[in-house]
Amino acid sequence: MAVKRVNDEPAFILHRYDWSESSLILECFTRHRGRVALVAKGVKKPTSSFRPVLLALQPLKLSWGMGGDGASDIHTLKSAEWVGGHTMPVAEGLLSGLYLNELLMRLLAREDPFADLFDIYAGVVQVLATGHEEVLEPVLRAFELLLLRELGHLPSLAVQTLSLQPVQENAHYVLVPEAGLREATRNDRASLCGSQWLQLEAALHTANPYPQVLRACVLCAGELKAQLRAVLQHHCGQPVLRTRQLMMDIQSL
């Protein structure tokens, strides 16, 4: 059977798990082919040239072979090259990167490409590697918003979802799972004023949305955090995201 080869595909490794005594399955986020599963044969051997390259949160170029019928979900890794450009994130940056990887693992279907989202993710990973923890919250909130939008899980932020009434600049609203955007009540622990939601909506619809969304998130990242994570957890399903639970456990120490 003829084998088709994919060459030098920009990629990041999201997750890895054992395949055999010497091999691993790699779940990869690629620019043109979406989430792809690759078997890296012999990678656990001390002599493997793959060992120092196949790391999460590092930009790579991967090549792999796949059956001519395209029926197999797992393809065979042929080569891997580190692209370079930044160091490995550490501390809060590392935890944040692993959180994003878990989101992508839970929400992206296999081989469904999101080239724009890939480029945004690559830029976010670069920021995480800088070690500037003060920017993590708006960066994460911006990515979460764009991820939800790309997957079709984010309702319009210009109207109340159930009533279709337009958002008023001076009123306060919350984003909740299933019900979308609704007017805030006394019992809501976090909300945004209508002008902030409208600013986010406008930023999401620009030609190059990430910088604009990031700018809009700077002043409201704290209020957005719980709302976005509730929506994301709803779409991820159970169990609770492991990285999210780890962050909460660390904060409680």
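Worth a mention:
- Note on the chain: lysine pairs with Cα distance below 25 Å, sequence gap of 8 or more or different chains, count 10.
- Degrees separating the helix 115-129 axis from the principal Cα axis of the chain, which is the longest one: 90
- Alpha-carbon geometry of the range 74-119: the Rg and the Dmax are 13.3, 33 Å, given in that order.
- Under-5 Å amide H pairs with Thr76, H placed in peptide plane, nonlocal only: Val39, Gly65
- FRET efficiency for the Ala171 to Glu92 pair, using the beta carbon distance and R₀ = 45 Å, is estimated at 0.85.
- One chain, two ends: Trp82 and Arg51. Fully extended at 0.36 nm per residue, the span grows by 10.0 nm beyond their Cα-Cα distance.
- Angle of helix 194-204 to the longest C-alpha principal axis of the chain, folded into 0 to 90 degrees and rounded to 10: 30°.
- The three principal axes of the Cα atoms in the range 78-173 give end-to-end lengths of 52, 34, 19 Å, sorted in falling order.
- Cα gyration tensor, the range 147-253 - rounded (a/c under 1.5), prolate or oblate: prolate
- Axis angle, to the nearest 10 degrees, between helix 242-251 and the longest C-alpha principal axis of the chain: 60 degrees.
- Taking all protein chains together and rolling a 1.4 Å probe, Arg5 ends up with roughly 120 Å² accessible.
The values are calculated or read from the model by the stated rules, or taken from the named source; none is laboratory data. In this text the structure is predicted, and so the values were computed from the model without any measurement. Cβ: placed from backbone, ideal geometry, glycine included. Neighbour counts: every protein chain shown. These area figures cover heavy atoms from the full protein model, side chains too; ligands, DNA and RNA do not enter into them. Shrake-Rupley method; radii C 1.70, N 1.55, O 1.52, S 1.80 Å.
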